[in-house]
1. Could you list, in sequence order, all residues of segment 230-277 that are assigned to a loop (DSSP other than H, G, I, E, B), more than 28 Å from His218 (Cα to Cα) and out of contact with any Asp or Glu (no Cβ under 9 Å at 6 or more places or on another chain)?
2. Look at segment 1-34 and say how many of its residues are touching a helix residue (DSSP H, G or I) at 6+ places or on another chain (Cβ under 6 Å) and among the small types (Gly, Ala, Ser).
3. Find all pairs meeting these conditions: Cβ atoms under 6 angstrom apart; at least six residues apart or on different chains; first residue within segment 169-181 and on the phi > 0 side of the Ramachandran plot and assigned to a loop (DSSP other than H, G, I, E, B); second residue open to solvent by 20 Å² or more (accessible area, probe 1.4 Å) and of a type outside the set (A, V, I, L, M).
4. Based on what the data block shows, is Leu92 surrounded by 21 or more Cβ atoms within 10 Å (Cβ to Cβ), closer than 30 Å to Val303 by Cβ and either touching a helix residue (DSSP H, G or I) at 6+ places or on another chain (Cβ under 7 Å) or at pLDDT below 95 (or both)?
5. Checking His314 against (1) open to solvent by less than 40 Å² (accessible area, probe 1.4 Å); (2) more than 23 Å from Gly166 (Cβ to Cβ); (3) touching a Phe, Trp or Tyr at 6+ places or on another chain (Cβ under 9 Å): exactly one of these is not met. Which one?
6. Taking segment 57-74 as the region of interest, how many residues are open to solvent by less than 20 Å² (accessible area, probe 1.4 Å) and either within 30 Å of Ser360 (Cα to Cα) or of a type outside the set (A, V, I, L, M, F, W, C) (or both)?
7. If you take the residues in segment 95-116 that are among the charged types (D, E, K, R) and in contact with a Pro (Cβ under 8 Å, 6 or more places away or on another chain), which one is least open to solvent (accessible area, probe 1.4 Å)?
8. Report, ordered by the first and then the second residue, all pairs with beta carbons closer than 6 Å, sequence separation of six or more or different chains, a first member in segment 88-109 that is in a loop (DSSP other than H, G, I, E, B), and a second member that is open to solvent by 40 Å² or more (accessible area, probe 1.4 Å).
Amino acid sequence: MKKIIPYSTQTISKIDIESVVKVLKSDFLTQGPKVEEFEKTFSKKVKAKYAVAFNSATSALHASCLALNLKKNEALWTVPNTFVASANCSLLAGGKVDFIDIDPKTYNININLLEEKLKFFKNKKKLPKIVVPVHFGGNPVDQDKIWKLSQKYNFKILEDASHSLGANYKSEPVGSCRWSDITVFSFHPVKIITTIEGGIATTNNYELYKKLKMIGSHGITKSKLNFKKKTNDPWYYEQQLLGLNYRMSDISAALGLSQLKKLDHFIQKRNEIASIYEKNLITPFLEKPKIAKYSRSSFHLYVVKLKKEQKKFHKKLFNFLKKKNILVNLHYIPVHLHPFYKSLGFKSGDFKYSEEHAQSVISLPIYPDLKKKKIMYIINLIHKFFKKIKR
């Protein structure tokens, strides 16, 4: 057991490699047929009408803010317990950022606090333009409740589903956009499937789809149906808005298509691993993930939390496991506590649940190729740690 066990890693097969090599030998490496095929296949998988592939989920989040017409001084609200991209996307689009604390049980956005803040800011006429719920660790947010609030308070919903491809909420796949305007997924190697680097945005709104397409490709359209000028020139194209080069390559799309075929298997394996942890990690000192009966988590992360009286051992447990070559991780340092966000006026104590979370949680290894022998080794080490502490 001396070999390093990461908290997550990609699962690449011979078929994946062959799919990439096939594209390398083809006529198209960048803007070829594979990107469009991946988009169409992906949208069907999550039951959305449209999908637009990007070179990262960060790009997809930024493009989504632009597509939703976020303007200067308009606000985006998200949670502090996320990767910085969930908040940065607003600033990159010229907007502002504020946060809603998490529910200490689900680690997702606290909907009661969201509603309280909406009521307060309605009186000040400073409601958010966009709310970004984050499906933490693959555990779906109560999206229908947020949708009802969006209808009442007139904000757009941009789901950050970077962790939750393959998850289900009330029999709906995350990404269907039944309760949102746009949903974004990540294909970084540690995520559910990988395209090396990559992301995708799904939507059921055709106008948003067109804007996302153009924003990710310099603001340009080559579709005659969308031209503002009437012309039959075969070389003609139009830049209709200010865009960026956020396009996915055919190489990445080919890998994504191959990986997507294994999605159900990956989700099954992740849930099996979570079940092994659930049944065998028996200690009164830790809280394990709780998934609602009407949800199925993708288990991108398996996060355990030290109970309040054990919080003082957080760093010790973290270092103990790392010394044993178990590369556990912390998800996340609260966004508002990073120096950049502190320079914007945020400070310690602003969002107590996210801060307590960061002082007490550890992400244990979980990925499809993780064998039961290694899982039990990790569990036994944790038991050993607490027995020593108890003494």
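The values are calculated or read from the model by the stated rules, or taken from the named source; none is laboratory data. All of these numbers come straight from a predicted model, not from anything done at the bench. Don't worry about glycine lacking a Cβ; one is built from the backbone with ideal geometry, like all the others, and counts go over all protein chains shown. Areas reflect the complete protein model, heavy atoms only, side chains present, ligands, DNA and RNA absent. Shrake-Rupley method; radii C 1.70, N 1.55, O 1.52, S 1.80 Å.
1. Within segment 230-277, Lys261 is the sole residue that qualifies.
2. The number of residues fulfilling the criteria is 2.
3. Lys170/Tyr294; Cys177/Asn204
4. No, not satisfied.
5. Evaluating His314 over (1) open to solvent by less than 40 Å² (accessible area, probe 1.4 Å); (2) more than 23 Å from Gly166 (Cβ to Cβ); (3) touching a Phe, Trp or Tyr at 6+ places or on another chain (Cβ under 9 Å) leaves (3) as the failure.
6. 5
7. Asp101
8. Ala93/Leu66; Gly94/Lys72; Gly95/Glu74; Ile100/Leu113; Asp101/Leu113; Asp101/Tyr353; Pro104/Tyr353
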